[in-house]
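See structure below.
Every read-out reported here was derived from the displayed coordinates using simple, explicitly stated rules and does not represent laboratory data. Keep in mind the model is a prediction, meaning the values are calculated, not measured. Neighbour counts are summed over all protein chains in view; Cβ atoms, including those assigned to glycine, are modelled from backbone coordinates with ideal geometry.
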Amino acid sequence: MEEENSSKEHTEKPSLGQTIRRARLGFNISLRQLAKVIGKDPSYLRRIELDEYKRPNPDVLLLISRELGLDYNHLMNLTEHRVPSHLPSLTDYLAKNYSLDAVAAAKLAKQFKTTLSEYYASKIEELRTDD
């Protein structure tokens, strides 16, 4: 019976709070630092990390996802929020809305993702140097 419980624990996906906490700690960012960067109270973020909210504010999750480099849709899927499943990929969105061919849209999407990663890395470095 104990073996069944321990194997079940290893197969369950991490909760929203666990996912955010692991990412935050992986970047060696304190709760207060993250709260300061996204403009929220540390106690609110703590309650999210403790899974006290089943449906935290999607705007806050977006800010958290951006600062920690987490996939926003993944975070939303870990909540009780309904997430539209019909959103296009960035490449498809750029091609359609900016009349780009597939190659140009793919290049632009790749460039955007690279720039975004560099931005996140610089923000994390700023957090580390603030202490």
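Under a plain spin-label model, where a point goes 7 Å from the Cα along Cα-to-Cβ, how far apart in nm are THR114 and LYS54?
4.5
If each Cα of the chain is one equal point scatterer, what is log10 of I(q)/I(0) from the Debye formula at q = 0.10, 0.11, 0.18, 0.19 Å⁻¹?
Log10 I(q)/I(0), no solvent term: -0.43, -0.52, -1.05, -1.10.
Taking the Cα centre as origin and putting +1 on Lys and Arg beta-carbons and -1 on Asp and Glu beta-carbons, what dipole magnitude results for region 29-131, to the nearest 20 debye?
On the way: 15 positive and 15 negative charges, 37 e Å.
That gives a dipole near 180 debye.
Could you give each residue of region 120-129 its phi-based ³J(HN,Hα) in whole Hz, using Karplus coefficients 6.51, -1.76, 1.60 with θ = phi - 60°, and x for Gly or Pro?
Result, ordered by residue: 4, 4, 5, 5, 5, 5, 4, 4, 5, 7 Hz.
Need the C-alpha centroid separation for region 108-131 versus region 46-107, integer Å.
Comparing the Cα centres of region 108-131 and region 46-107, I get a distance of 17 Å.
Could you run the Karplus curve 6.51 cos²θ - 1.76 cosθ + 1.60 with θ = phi - 60° over region 50-63 and give me ³J(HN,Hα) per residue in whole Hz, x for Gly and Pro?
With the stated coefficients, region 50-63 comes to 8, 6, 7, 10, 7, 9, x, 3, x, 5, 5, 4, 5, 4 Hz.
Suppose R0 equals 30 Å; then what is the FRET efficiency for LEU31 and LEU90 from their Cβ-Cβ distance, rounded to the nearest 0.05?
Working: r = 30 Å, r/R0 = 1.02.
With a Förster radius of 30 Å, E is 0.50.
Can you work out the Karplus-derived ³J(HN,Hα) for every residue in region 19-26? Use 6.51 cos²θ - 1.76 cosθ + 1.60 with θ = phi - 60°, whole Hz, and x for glycine or proline.
So the Karplus estimates, Gly and Pro as x, are 4, 5, 4, 4, 5, 4, 5, x Hz.
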